[in-house]
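Take a look at the structure below.
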Amino acid sequence: MERELVEDIVIVGAGIAGVTTSLGLHRLGIRSLVLESSDTLRVTGFSLSLWQNAWKALDAVGVGDKLRRNHQRLHGIVTTSLVTGKQIVAKSFKSTESQEGIEIRCVQRTKVLEVLVNELPKETIRYSSKVVGFEESGFYKILHLADGTTIKTKVLIGCDGVNSLVAKWLGFKEPSFTGRFAIRGFAQFETNHGLELRFMQFFGNGVRVGVVPCNEKQVHWFFTCIPSSQELKELKEDRAKLKPFVLKNLENMPSAVRACIEITDADGFLSYALRYRQTWDLMMGNISKGNVCVGGDALHPMTPDLGQGACCALEDGIVLARCLAEAFSKEKEEEEVHIKKIEESLKKYAKERRWRAVDVTTTAYMLGSIQQAESKLVTFLRENILPTFMAGQYLKKAGYDCGKLNRY
């Protein structure tokens, strides 16, 4: 039997961007409904590197300290060449006379979502609610769910991931494949893993590897490569081949780093092709249109080379909640005035996020291309001229501040 619900604000997708937006609105006294297609919180991936900009966003919604308790702060970043075996750059995250301290912690993705969701009122998230389409009804949008329910809403926010239905409606093209492939894992040690609390990355010979401790016993690692068509086919068809494939490509890695991959359970491997939103599409596309907008991976799918995907999704949530709050004052207004305010608030959000998304997405793609290139010229530049510049990009992008949740 069909049911019709009426809401002021509907957010499609209970990922990091969607839940952060909802919590930001809640902190400002504004209700929203989040639709999640799964029957429970859906988690893709194991851990996230949350840089300083992400912690500012988490603090803005009042949950930063709840996550800090169980996730240790990293002390620096170290880059090592897989061609020569030599360390080519090391940067400290600690405060100095010329540098403010950088906060970065590796955090389990489930913990981030749980902390955010636990701050929301019950019934904010409606599970098993797959959106199969939507249509316009005057200014309102009518959403159709797979179970036959329809929802009428004043504002539609798409935080529905890389294959976003809402982004497609706005006119965005499908995200582009980079030709690169990623394998990620999460290692659980019974005793102290013995690794320093640093973000360790290795690249050369067409691969990039990262190892990031979460605490004394847990380590997140990732591996990216450019596989042949045959290798890609085999890896997609048989998950059991992921572990030996990674280890085969990392024969010259330090034993402590290899140990993280060796002890990872077969179920602890995740693989996927890397995709991103092209710069031109971000520059010219409709981030908002009328009473519809997108955020998170629906807006800016990016390669993981800066570790900024989730960080930017958190930023989106804070900025969107702050902007949208301007259209939902408690004073009653004529409908035409209210509609105009909604449109202007989403335009303001789009303007604020567009160039940030262009900057981070383009830089991540550029760094990934340089780090995995195998030509002699790029290898020489990467290991002799560009190391400090590339390491500096992590700190530069993490220096962004999305601001507080001020209502006006």
Out of 297, 265, 238, 281, sole residue that is of a type in the set (Asp, Glu) and under 12 Å from the mean Cα position of the chain (by Cα): 297
Condition check for residue 173: modelled with pLDDT of 90 or more, open to solvent by 10 Å² or more (accessible area, probe 1.4 Å), touching a helix residue (DSSP H, G or I) at 6+ places or on another chain (Cβ under 8 Å) and part of a strand (DSSP E or B): no
Given (1) open to solvent by 30 Å² or more (accessible area, probe 1.4 Å); (2) within 29 Å of residue 194 (Cα to Cα); (3) modelled with pLDDT under 90, number of the condition residue 237 does not satisfy: (2)
Filtered residues of segment 245-259 (kept if loosely packed, with under 14 Cβ neighbours inside 10 Å and either touching a residue at least 12 places away in the same chain (Cβ under 8 Å) or in a helix (DSSP H, G or I) (or both)): 248, 252, 255
Residue within segment 277-293 that is open to solvent by 30 Å² or more (accessible area, probe 1.4 Å), without any contact (Cβ under 8 Å) to a residue 12 or more places away in the chain and of a type in the set (D, E, K, R) present: no
Matching strands (runs of 3 or more DSSP E) fully within segment 32-115 where at least 1 residues are surrounded by fewer than 17 Cβ atoms within 10 Å (Cβ to Cβ): 87-92
Inter-residue pairs, beta-carbon under 6 Å, first on the phi > 0 side of the Ramachandran plot and in segment 136-159, second exposed (fewer than 14 other Cβ atoms within 10 Å of the Cβ) and modelled with pLDDT under 95, 6+ apart: 148/2
Pairs where the first residue, in segment 84-95, is more than 25 Å from residue 399 (Cα to Cα) and at pLDDT 90 or above and the second is of a type in the set (Val, Ile, Thr) and assigned to a loop (DSSP other than H, G, I, E, B), C-beta under 9 Å, 6+ apart: none
Criterion: more than 22 Å from residue 404 (Cβ to Cβ), crowded, with 21+ Cβ neighbours inside 10 Å, among the hydrophobic types (A, V, I, L, M, F, W, C) and under 24 Å from the mean Cα position of the chain (by Cα) - qualifying residue of 364, 321, 357: 364
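Yes/no matrix, rows are residues, columns are (1) touching a residue at least 60 places away in the same chain (Cβ under 8 Å); (2) in contact with a Ser or Thr (Cβ under 7 Å, 6 or more places away or on another chain); (3) of a type outside the set (D, E, K, R); (4) not in a loop (DSSP other than H, G, I, E, B):
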position	(1), (2), (3), (4)
177	yes, no, yes, yes
180	yes, yes, no, yes
184	yes, no, no, yes
192	no, no, yes, no
196	yes, no, no, no
201	yes, yes, yes, yes
208	yes, yes, no, yes
212	yes, yes, yes, yes
215	yes, no, yes, no
Residue count, segment 129-144 (criterion: under 17 Å from residue 289 (Cβ atoms), of a type in the set (D, E, K, R) and open to solvent by 50 Å² or more (accessible area, probe 1.4 Å)): 2
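The values are calculated or read from the model by the stated rules, or taken from the named source; none is laboratory data. Note that the structure is a prediction, hence the values are computed from the model and not measured. Glycine also receives a Cβ, built like all others from the backbone with ideal geometry; neighbour counts cover every protein chain displayed. For accessibility, only protein heavy atoms count, side chains too; no ligands or nucleic acids. Shrake-Rupley method; radii C 1.70, N 1.55, O 1.52, S 1.80 Å.
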